[in-house]
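Student: Got a structure for you, questions after.
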Amino acid sequence: MPKSMLELAHEFIVAKKKAVTFKDIWAYVQKQTDEKDTLQLGRFYKLLTLDGRFVALGSNKWDLKARYTFKELYDDARGVFREVEGAEEGGEEAEADPFDEDDEADDAEDDDKPKKRKSDDED
């Protein structure tokens, strides 16, 4: 049974043992499947993006998510949010960093918790 394009991509990245460009991945997949249809290129990119085994590292480089710790991926995501926040111009209000761990988030969580009634303390 022939391998899927994603299985071939996984096989290729495992063999390389490092991050590779999408262009290199696609060239390998094309070579293994004799795929020439450019419509498949878009489909393959979408599938690669949605597959949980792969991670886009920026600069069109891809690697296996298993090679990275959660902290490495988490810190990278924080950098993306900081870049977007720094790029905003004018009087538009900046969105809050969803990864920010300040006291305001704790205060908001406390508002959602049920409050004790005085009768509860008297027991």
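We did not get these values from a lab; they are worked out from the coordinates using the rules stated. Just so it is clear, the structure is predicted and the values come from calculations on it, not from any experiment. Positions of Cβ are generated from backbone atoms using ideal geometry, with glycine treated the same way; all protein chains shown enter the neighbour counts.
Student: For Thr21 and Leu47, compute 0.36 nm times the residue count separating them, minus their Cα-Cα distance, and round to one decimal in nm.
Tutor: Here the answer is 7.8 nm.
Student: Given H placed 1.01 Å from N in the peptide plane, which residues other than close sequence neighbours of Phe54 have an amide H under 5 Å from its amide H?
Tutor: Lys65
Student: Along region 18-24, what does the Karplus equation 6.51 cos²θ - 1.76 cosθ + 1.60 (θ = phi - 60°) give for ³J(HN,Hα), rounded to whole Hz, x for Gly and Pro?
Tutor: 7, 5, 9, 7, 4, 4, 5
Student: Another question, if that's okay. As a quick test, which of the pairs Lys16/Lys61; Lys23/Lys71; Lys3/Lys71 have an alpha carbon distance above 22 angstrom in this structure?
Tutor: Over 22 Å Cα-Cα: Lys23/Lys71; Lys3/Lys71.
Student: Let me ask another. Quick one: order Thr49, Thr33, Thr69 by neighbouring beta-carbon count within 10 Å, fewest to most.
Tutor: Sorted ascending by nearby Cβ count, the order is Thr69, Thr49, Thr33.
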